[in-house]
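Structure record follows, encoded as structure tokens.
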Amino acid sequence: MNSINATSRAPLVTAAAPAPTTARRIGGFAPGWIGTLAVLALLAIGLTFVAKGFQLFQATMVLSYAIALLGLNILTGYNGQISLGHGAFYAIGAYTTAILMEHGGMPYWATVPAAAVVCLVVGYAFGRPALKLEGLYLALATFALGVAMPQLLKYKHLEAWTGGVQGIVLMKPDAPFGLPLTPDQWLYLFALFVTVVMFVIAHNLLQSGTGRAIRAIRDHAMAAEAMGVDNSHYKSMTFGVSAAYTGVGGALSAIAVQFVAPDSFTLFLSISLLVGIVIGGVGTLWGAIFGAIFIMFVPSLAEKVSKAAPWAIYGVVLIAIMFAMPGGVVGLLRKIQARFKAHG
């Protein structure tokens, strides 16, 4: 009971009551953050006209990974459920988009919410029976899902839809309404818009009574249930929401890469997503951005340093970061900010 703080208790009993604030919030954000977010948004939009070709593709992939990491962080960082198989939901989201575009003739933008819905249903269906598992046992169950997914995508009776080992090739969308933008520029802006929407939804969810219930389960499941929280419902719902976020990231990656194949979604992808939330900061929203940058660039940089042993370099970098920043990048930034306030 003591592990649930005082700010979490009242909303659990009266979830509809608004959280107390000292200043009026705008769109769920404190006024002090609005200016910072506006500057970041302008910088992100400005990148469209500075970066070229492959650089814009890399930026789009960072955004897709960030959404997936945000989903995994909601599950692991905020709810305390460990998943080693979220690469499977990334694959489901990517294949949902690819199949709907290739076989259903659906426009690319409509496949993104469709991928979210499909992954939400699959995630909830997987999370419900997994309620009986906790800790390492849940991790092993999700690990099995991550291992099995590439083989399922190669299954001969699904080849007509998935393309089997050859996968599915997609066309990159052009800018609509005759906008003077290249396909790479437009796709980056589209991914940026989706990312902003997903982050705002996640922020508002976690600041609501539902978010406080999710965190209470992480802190002390028995105490949360004693205070009226339906642990089964919230844990299943969190798994579904987390899967939906990861599926949206997979959908954006499929559109950006213009290709999906089973071997693109191996177990290493699931491990990379878990590494990403640790690097960025477990239980933080902004950590997803830093974790996505790590996933996107560090492996290629390690290969440039040593073509003979790139993963050895990757491991050394990972260990060094863990020693230097045990709380992730966001944890380090918070420490720096606290020191400035202390000396200010």
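The values are calculated or read from the model by the stated rules, or taken from the named source; none is laboratory data. The structure displayed is predicted, hence computed values, not measured ones. Neighbour counts are summed over all protein chains in view; Cβ atoms, including those assigned to glycine, are modelled from backbone coordinates with ideal geometry.
Within the range 298-344, take every residue that is in contact with a Gly (Cβ under 8 Å, 6 or more places away or on another chain) and assigned to a helix (DSSP H, G or I) and give me the one that is surrounded by the most Cβ atoms within 10 Å (Cβ to Cβ).
Filtering first and then ranking leaves G328.
Only one of these conditions is not met by F193: (1) within 21 Å of A44 (Cα to Cα); (2) over 22 Å from the mean Cα position of the chain (by Cα); (3) not small (G, A, S). Which number is it?
Result: F193 fails condition (2) only.
Considering only the range 76-123, state which residues are touching a helix residue (DSSP H, G or I) at 6+ places or on another chain (Cβ under 9 Å) and outside any helix (DSSP H, G or I).
Of everything in the range 76-123, those that are touching a helix residue (DSSP H, G or I) at 6+ places or on another chain (Cβ under 9 Å) and outside any helix (DSSP H, G or I) turn out to be N79, G80, Q81, I82, S83, L84, G85, H103, G104, M106, P107.
Only one residue in I217, I271 is assigned to a helix (DSSP H, G or I) and either within 24 Å of G93 (Cα to Cα) or aromatic (F, W, Y) (or both), so which one is that?
One residue alone meets the criteria, I271.
Give the residue, chosen from P173, P180, that is in a loop (DSSP other than H, G, I, E, B) and either out of contact with any helix residue (DSSP H, G or I) (no Cβ under 8 Å at 6 or more places or on another chain) or loosely packed, with under 14 Cβ neighbours inside 10 Å (or both).
P180
Check the range 220-234 and report whether any residue there is among the hydroxyl-bearing types (S, T, Y), farther than 22 Å from K154 by Cβ, in contact with a helix residue (DSSP H, G or I) (Cβ under 6 Å, 6 or more places away or on another chain) and surrounded by fewer than 23 Cβ atoms within 10 Å (Cβ to Cβ).
There is at least one residue in the range 220-234 that is among the hydroxyl-bearing types (S, T, Y), farther than 22 Å from K154 by Cβ, in contact with a helix residue (DSSP H, G or I) (Cβ under 6 Å, 6 or more places away or on another chain) and surrounded by fewer than 23 Cβ atoms within 10 Å (Cβ to Cβ).
Only one residue in A320, A302, A288, A312 is of a type outside the set (V, I, T), in contact with a Pro (Cβ under 6 Å, 6 or more places away or on another chain) and at pLDDT 90 or above. Which one? Explain how you work it out, then say what you get.
Values: A320 fails: in contact with a Pro (Cβ under 6 Å, 6 or more places away or on another chain); A288 fails: in contact with a Pro (Cβ under 6 Å, 6 or more places away or on another chain); A312 fails: in contact with a Pro (Cβ under 6 Å, 6 or more places away or on another chain).
Testing whether each residue is of a type outside the set (V, I, T), in contact with a Pro (Cβ under 6 Å, 6 or more places away or on another chain) and at pLDDT 90 or above leaves just A302.
For I255, are the conditions met, namely being out of contact with any strand residue (DSSP E or B) (no Cβ under 6 Å at 6 or more places or on another chain), of a type in the set (V, I, T) and within 25 Å of G85 (Cβ to Cβ)?
On the way: out of contact with any strand residue (DSSP E or B) (no Cβ under 6 Å at 6 or more places or on another chain): yes; of a type in the set (V, I, T): yes; within 25 Å of G85 (Cβ to Cβ): yes.
Considered against the rule, which asks whether it is out of contact with any strand residue (DSSP E or B) (no Cβ under 6 Å at 6 or more places or on another chain), of a type in the set (V, I, T) and within 25 Å of G85 (Cβ to Cβ), I255 comes out as yes.
Which one of these is crowded, with 20+ Cβ neighbours inside 10 Å and touching a Gly at 6+ places or on another chain (Cβ under 6 Å): A116, A98, A66, A59?
Just one listed residue meets the conditions, A116.
How many residues does the range 276-292 contain that are closer than 24 Å to D219 by Cα and either among the aliphatic types (A, V, I, L, M) or not in a helix (DSSP H, G or I) (or both)?
Summing the residues that are closer than 24 Å to D219 by Cα and either among the aliphatic types (A, V, I, L, M) or not in a helix (DSSP H, G or I) (or both) in the range 276-292 gives 10.
Residue under question is L63, and the condition is that it be more than 22 Å from S232 (Cα to Cα), touching a Ser or Thr at 6+ places or on another chain (Cβ under 9 Å) and of a type outside the set (D, E, K, R); does it hold?
Yes: the conditions hold for L63.
When you check I295 against the structure, is it buried (at least 18 other Cβ atoms within 10 Å of the Cβ), modelled with pLDDT of 90 or more and part of a helix (DSSP H, G or I), yes or no?
yes
Quickly run through the range 183-216 and pick out the residues that are surrounded by 21 or more Cβ atoms within 10 Å (Cβ to Cβ) and hydroxyl-bearing (S, T, Y).
Result: Y188, T195.
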